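The values are calculated or read from the model by the stated rules, or taken from the named source; none is laboratory data. Please read all numbers here as calculations on a predicted model, not as lab measurements. Don't worry about glycine lacking a Cβ; one is built from the backbone with ideal geometry, like all the others, and counts go over all protein chains shown. The area values use the complete protein model at the heavy-atom level, side chains included, leaving out ligands, DNA and RNA. Shrake-Rupley method; radii C 1.70, N 1.55, O 1.52, S 1.80 Å.
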Amino acid sequence: MRDLRIEDEIIANWKGDIEKPVISICCLTYNHELYIEDAIEGFLIQQTDFPFEILIHDDASTDRTVDIIREYEAKYPRIIKPIYQIENQFSKGVMLNKFNFKKAKGNYIALCHGDDYWTCETKLAKQLEVMNKTGVSICGHPAREIDVEGTDLKRITGYQVSKTSKFDPKLLIKQNGNMLPYGSIMITAGAKEDILANMPPVVFHTGIQMLCALRGGIAVIPDIMLAYRTSVPGSTTEIMLGDITKKLNTTKKRITSIKYLKRMYGDQYAKVFDKLLSNQITPFISHQVSYIYAYSLLCATLKNESIKSKLKILLEVFINVVVKMLKLMIRALLSSNFLKVIFCGVKNNFKKLTDFFSDLFLLFPFNKEKVPLKFFSTKKNVGDALNLYLIEKISGKKVISIKSGCYRHILGIGSIMHFASRKSIVWGAGIIDENILPTTSVFKEIKYSAVRGKKTQDFISTIVGSSLKCPLGDPAVLMPLYYTPKSQKKYRLGIVPHYVDKREASFKGLLKTTNAKVIDVELPVEEFLNELAECELVLSSSLHGLILSDSYNIPNVWVRFSDKLIGGDFKFLDYYSTTDVITPTPVDIRNLSFESDDEVLEILLKAKVASFMEDKKLLLESFPREFLNVEK
C-alpha cells in the first residue's frame, strides 16, 4: 500500500453532501489479488472537488482479493463500499454490473475491472467536464496495454483522437461497437438505467457502449489515463474466448445483443448493423473445421431478419470472405507460393464440380444398387472411414458419398447431425456440439433408425418436443461381426491421438517410458484394427480409438492431449451413455512430466473395457432396409 491521502483528507476537498456522490466508481473483480491494489489506489488518487463513492463487486474470489479489499475498506469506510459474493455469479450466467449499478447513487458511473488501473489523478474531473459540456451519455479514452507483470507493451488500445471529440453512434457501430476500453468508460445515471432495463439481452461492454451511445452520443478524450492488463489468467476474455467452442457461444450471445440493439436503433442504422452482424461470422471462416461454426452463426444471424437485411448480411459475408481470400493470395504471392495457391484453387473447384456430378449420378438407374451416404469425408479418419467399410458389409452394395442433401441418404457414423437434411436417414450419427445443429423443422422431418447415444437422443427429443424412440449405439460396435484382426500382441501400449492431436508433444513422453507405438487414425480400417490388436492397452483421444478398443476387448483409457477437439467431451459422453461406465472422465496427459514409470503406471491402471449395454442385434437390424441387398 503506497503513501495515500487518508479518508478525511480526500473528503475535505469535496463540496456537497458525501451521501450524494456525483460519481459512482463501479469495479468488478475476481481472483485479482495481484492487481486489485493498483485498481483501488487508482481510484483513491483522484483529485476532485466533488464526492465520489467506490463500489467493488467481488465475485466469490478464491484467493486473497477479498482480504485486500477489506484492508482498504477499513481505512476508507465512507468511500469504499464492497459487495462480497459467497457464490460465483458469473458462472451462473448473471450479468455482474447489475449488483453495483443497483447500489450506485452517483449521477455518473465510472467503470473499471480489478486487474486494470487508472494512471491519471484528474481522470474523473476531466471526464465529468467533457460530459457536462457535450451532453453525451458515454465518454472514454484510450489505454496503454501492460502485461501481467505490469510491463508496458508499447501498445495503445481504444479509439484515438487528437482532441476531445463527440461522435454519432454510427461511428461506434462501424468500429464493431468497441471504441472504449472498459476501464475508461463513464456513463450517465440514465444510461445506467438503460443497461439495467435491457440486460440481458444486451451483454458485453461492446453492447453497453452501443446502448449508452443511443441515448446521447459518445465522446472520446485523447488522454491515455488507463493501464489495460492483457493475458490475465482466468480473465473474462480467457473464459469466454479460450477455445473455438467458447468463442462460438460468446459470439452467438453477441449476435443476439446486436440484433436487439438494431431493433432499438431503428431503420436509420440498419445498414451499419447488418455489416456489424456479418463481421461476427467472418472470423470463423478461417479453416475447414470452422465452416460448421460459421454456418451455425449465419443461421442465428439471419433468424427473424427481413429479406432485405438477410440479403445485405449475406452480401457482406461474401465480400468479407472474398477480401480474406485475396489477402491470402497476395500473402502467398509475396512468399513465392502463388502457383501453389492457384493450383489448390483449381483443384478445390474441380473437386466441387465432381462432387456435383457424383450426386447427379444417383438419378440414373445404374446407380440404384449403390447406397447414398453422407459423412465427414474431408479428412482421413478411421471413425469416418468405418462408414464405407461397415455399410458395404451390411448392405452388400457399394457406397457412394454424396455432398448435397437433395436425395434420400444415410447419415452414418460420426458427430455429423449438423449435416442432416430432410432426406436424411440417421443410423448411428450423433451431435458434435449443442450449438451446431440443423433447424428444428429439419429435426422433425428426419427419419431416425438409430442414434449414437442417450445425450443425442435426449437433445433431439427436447428439440422435436416428443420422446425419440429408436435403438442406440455407435455402429462401430458391430465391427467384430465383420472383421477379425490378423495380428499378435507386440506392444504394451498403443497410443491413438485424434488427428488434431497428431503433432502434440504431450504424448511423446509415453514412447520413452514403455513399450509403446503410435497408431495413426488415418490408416485404412483393417490396417488400423490390426495395429490396435497388437497392443495390450490403448490410450486414445480419438473416440473411435476407444470404441474399437472396447469392441475388441482391449483395455483402454480416454485421454486428453489438447483442447482442440470441436464440441469438447459431448461425443465421448454420448458414447459412454450406452456402456456400463458411470462417470467417464478423461485423463489429462499434458500435466505429466514422464520423469518416472510411476506416472505412466498410474494411467495404465485405469484401463478397462467399457461394456456396451444396448442391444447390438437391434442396432444391426435398424439399418435402413431400403438400402439392403435383398439377395444378400
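If N is the number of residues in the chain, what value comes out of its Cα radius of gyration divided by 2.2 N^0.38 Å? Spell out each step's value before the answer.
Working: Rg = 29.4 Å, N = 632, 2.2 N^0.38 = 25.5 Å.
For the chain, the normalised Cα radius of gyration is 1.15.
Which pairs break 22 Å Cα to Cα here: Lys166/Lys312; Lys393/Lys608; Lys259/Lys324; Lys20/Lys98; Lys105/Lys126?
Too far apart for the 22 Å limit: Lys166/Lys312; Lys393/Lys608; Lys259/Lys324.
Straight-line reach only, C-alpha to C-alpha below 18 angstrom: list the aspartates and glutamates that Lys571 could link to, leaving out same-chain residues fewer than 8 apart.
Within the straight-line limit of under 18 Å, Lys571 reaches these aspartates and glutamates: Asp243, Asp384, Asp433, Glu434, Asp458, Asp474, Asp501, Asp550, Asp563, Asp580, Asp588, Glu614.
Net charge around Lys398, counting only other residues with Cβ within less than 9 Å of its Cβ (Lys, Arg = +1; Asp, Glu = -1)?
0
Rounded if a/c is under 1.5, else prolate if a/b beats b/c, else oblate: with a ≥ b ≥ c from the C-alpha gyration tensor eigenvalues square-rooted, which is the range 184-231?
Taking the square roots of the gyration eigenvalues as a ≥ b ≥ c, the range 184-231 is oblate.
Sort the following peptides by mean Cβ neighbour count (other Cβ atoms within 10 Å, averaged over residues), highest first: 176-185, 376-385.
The peptides rank, most packed first, as 176-185, 376-385.
Taking the range 45-83, which trypsin sites (Lys or Arg not before Pro) meet the DSSP loop condition and have no more than 15 other C-beta atoms within 10 Å?
Arg64, Arg78
Please list His32, His205 in order of solvent-accessible area, largest first, computed with a 1.4 Å probe with all protein chains present.
His205, His32
Once whole DSSP H runs in the chain are found, which of them have Cα atoms spread over 27 Å or more along the helix axis and a mean Kyte-Doolittle score of at least -0.5?
Result, helices passing both filters: 307-334, 338-360.
Of the GluC sites (Glu not before Pro) in the range 45-104, which ones lie in a loop per DSSP and count no more than 15 other C-beta atoms within 10 Å? Show your work: numbers first, answer last.
On the way: sites: Glu53, Glu71, Glu73, Glu87; in loops: Glu87.
Answer by residue number: Glu87.
Would you please name the trypsin sites (Lys or Arg not before Pro) within the range 489-549 that are DSSP coil residues with at most 15 other C-beta atoms within 10 Å of their C-beta?
Details: sites: Lys489, Lys490, Arg492, Lys502, Arg503, Lys508, Lys512, Lys517; in loops: Lys489, Lys490, Lys502, Arg503, Lys508.
Sparse-neighbourhood loop trypsin sites (Lys or Arg not before Pro): Lys489, Lys490, Lys502, Arg503, Lys508.
Just add up the charged neighbours of Ser487: K/R +1, D/E -1, any other residue whose Cβ is under 9 Å from the Cβ of Ser487.
+1
Roughly how many nanometres apart are two label points built 7 Å out from the Cα toward the Cβ at Asn88 and Ile11?
Once both label points are built, they end up 3.7 nm from each other.
Just to confirm a number: summing +1 for Lys and Arg and -1 for Asp and Glu over residues other than Ile195 whose beta-carbon lies under 15 angstrom from that of Ile195, what do you get?
On the way: positive: Lys98, Lys102, Lys103, Lys192, Arg215; negative: Glu193, Asp194.
For residues surrounding Ile195, the net value is +3.
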